[in-house]
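Down below is the structure, laid out as structure tokens.
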Amino acid sequence: MARTLLVGAEIPCPTNAGAATSFTGASVVRLINTNGAIQKVTVLETQSGVGVGSMTIAPNSVEFLEKKSTQVVFAASADVLGTQVGYTA
């Protein structure tokens, strides 16, 4: 059974590219959409930089996002919370 290792504090995702965060250089981020509507999450190379990709998170659901430690994340709503995590055996 995989377990989640908490590495940082959970924070609301920034809501624009200029404020996007790397979650302290995280390579894995646990995201939870606490909103009752779908929310878009976007990954960029740098703040206000080139887009890497995006995904939609279903209402009231959790996703684990794997990214490069230098890449940054923002969401359509601050109702998407994120925290730096790791996996343990």
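Pairing residues of segment 1-29 that are touching a residue at least 40 places away in the same chain (Cβ under 8 Å) and among the polar types (S, T, N, Q) with residues that are assigned to a loop (DSSP other than H, G, I, E, B) and surrounded by fewer than 14 Cβ atoms within 10 Å (Cβ to Cβ), at Cβ distances under 6 Å and at least 6 apart in sequence or on separate chains, gives Ser27/Ser69.
Of all residue pairs spaced 6 or more apart or on separate chains, those with beta-carbon atoms under 6 Å, a first member in segment 60-77 that is more than 18 Å from Pro12 (Cβ to Cβ) and a second member that is among the small types (Gly, Ala, Ser) are Ser69/Gly25; Ser69/Ser27.
Computed from the coordinates by the stated procedures, all read-outs in this text should not be read as laboratory data. Just so we're clear, the structure is a prediction, and the values are computed from it rather than from any experiment. All Cβ positions, glycine included, derive from the backbone under ideal geometry; neighbour counts span all protein chains shown.
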